[in-house]
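S.K.: Dumping the structure here so I can ask a few things about it.
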Amino acid sequence: MLWLYILLGIALFVALVMFIPITLRASYKEKFWCAVYIGFVKLQLVPAKPKKEKKKKVKKQTPKTEQPKKATEKKPSLIKKYGIEWLLNLIKRVAELAVSALQDFFSHILIKKFSLSISVAGDDAADTAIKYGKYCAVVYPAVGTIVRVVKCKGYGVDINPNFSEKAETEINFDFAARIFAFRLIGLAVKHGIKGLKLLAEVKNEL
């Protein structure tokens, strides 16, 4: 019966690992901050933590004897060898694989928090109004696209013009998105196999 308990323990451990949430958190308020949480483990990305400098050992340099350079023959480019149509077809297949992988990846992401606040200021009232229009024309459609592609619990976008004298544009941003480990593993296996198949096909063609 001992082996059965061991197998059950391994299965339980694997299940727990597979359901570990991986969360990306980012914020901006005068300074940008970004970190990844794997379960309860925090990996800070920005600003990066300063690394401790290691003392480098000075190696004694031994004089190198110069060897005669061998003449290398230039290989013909892939375009000349296989034609432009072959290269374009390869680019198309790689792009289709990349798009499919990204669509799958984003469909499994849950945005837990998305908050963006922008106070737009310019040199004068006219400049402020122009900048405000530009910000709205870029930000609102971009956020709308993100919300359509990714699952989102809630989001808030607030863009306002600031006509006060000597005002400066201020941006406040807070973001948190989550995906489970088993989703990432599944995506890596699924699209990794497709990528290997494509690589094998290309090698055969070459």
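The values are calculated or read from the model by the stated rules, or taken from the named source; none is laboratory data. Computed from a prediction, not measured in an experiment: that's the story for all the values here. A quick note on method: Cβ atoms are made from the backbone with ideal geometry, for glycine too, and the neighbour counts reach across all protein chains shown. The accessibility values were calculated without ligands, DNA or RNA, using every heavy atom of the protein model including side chains. Shrake-Rupley method; radii C 1.70, N 1.55, O 1.52, S 1.80 Å.
S.K.: Within region 136-151, identify whether any single residue is in contact (Cβ under 8 Å) with a residue 24 or more places away in the chain and over 22 Å from the mean Cα position of the chain (by Cα), and answer yes or no.
M.R.: No; the residues of region 136-151 include none that is in contact (Cβ under 8 Å) with a residue 24 or more places away in the chain and over 22 Å from the mean Cα position of the chain (by Cα).
S.K.: Restricting to region 1-53, and then to whatever is among the aromatic types (Phe, Trp, Tyr) and more than 22 Å from Leu110 (Cα to Cα), can you tell me which residue is nearest to the chain's Cα centre (by Cα)?
M.R.: If we take residues in region 1-53 being among the aromatic types (Phe, Trp, Tyr) and more than 22 Å from Leu110 (Cα to Cα), then Phe13 is nearest to the chain's Cα centre (by Cα).
S.K.: Right, next: State whether one or more residues within region 36-49 are in a helix (DSSP H, G or I), surrounded by 10 or more Cβ atoms within 10 Å (Cβ to Cβ), modelled with pLDDT under 90 and of a type outside the set (Phe, Trp, Tyr).
M.R.: Looking through region 36-49, none of the residues is in a helix (DSSP H, G or I), surrounded by 10 or more Cβ atoms within 10 Å (Cβ to Cβ), modelled with pLDDT under 90 and of a type outside the set (Phe, Trp, Tyr).
S.K.: Something else about it: Output the residues belonging to region 163-198 that are of a type in the set (Val, Ile, Thr) and free of Cβ contacts under 8 Å to residues at least 60 places away in the same chain.
M.R.: Once the filter is applied, which keeps residues that are of a type in the set (Val, Ile, Thr) and free of Cβ contacts under 8 Å to residues at least 60 places away in the same chain, region 163-198 yields Thr169, Val189, Ile193.
S.K.: Only one of (1) at pLDDT 90 or above; (2) on the phi > 0 side of the Ramachandran plot is not met by Lys131, so which one is it?
M.R.: Only one criterion is unmet by Lys131, namely (2).
S.K.: Give the number of residues within region 144-175 that are aliphatic (A, V, I, L, M) and under 16 Å from Tyr132 (Cβ atoms). It would help to see each step written out before you state the result.
M.R.: Pass one, region 144-175, residues aliphatic (A, V, I, L, M): 146-147, 149-150, 157, 159, 167, 171.
Next, only the ones that are under 16 Å from Tyr132 (Cβ atoms) stay: 157, 159, 167, 171.
Residues flagged as aliphatic (A, V, I, L, M) and under 16 Å from Tyr132 (Cβ atoms) within region 144-175 amount to 4.
S.K.: Counting only residues that are surrounded by 10 or more Cβ atoms within 10 Å (Cβ to Cβ) and of a type outside the set (A, V, I, L, M), which one in region 1-21 is nearest to Ile179 (Cα to Cα)?
M.R.: Going through the qualifying residues, I end up with Pro21.
S.K.: Another one. What is the one condition in (1) open to solvent by 90 Å² or more (accessible area, probe 1.4 Å); (2) in a helix (DSSP H, G or I); (3) modelled with pLDDT of 75 or more that Leu88 does not satisfy?
M.R.: It fails just one condition, (3).
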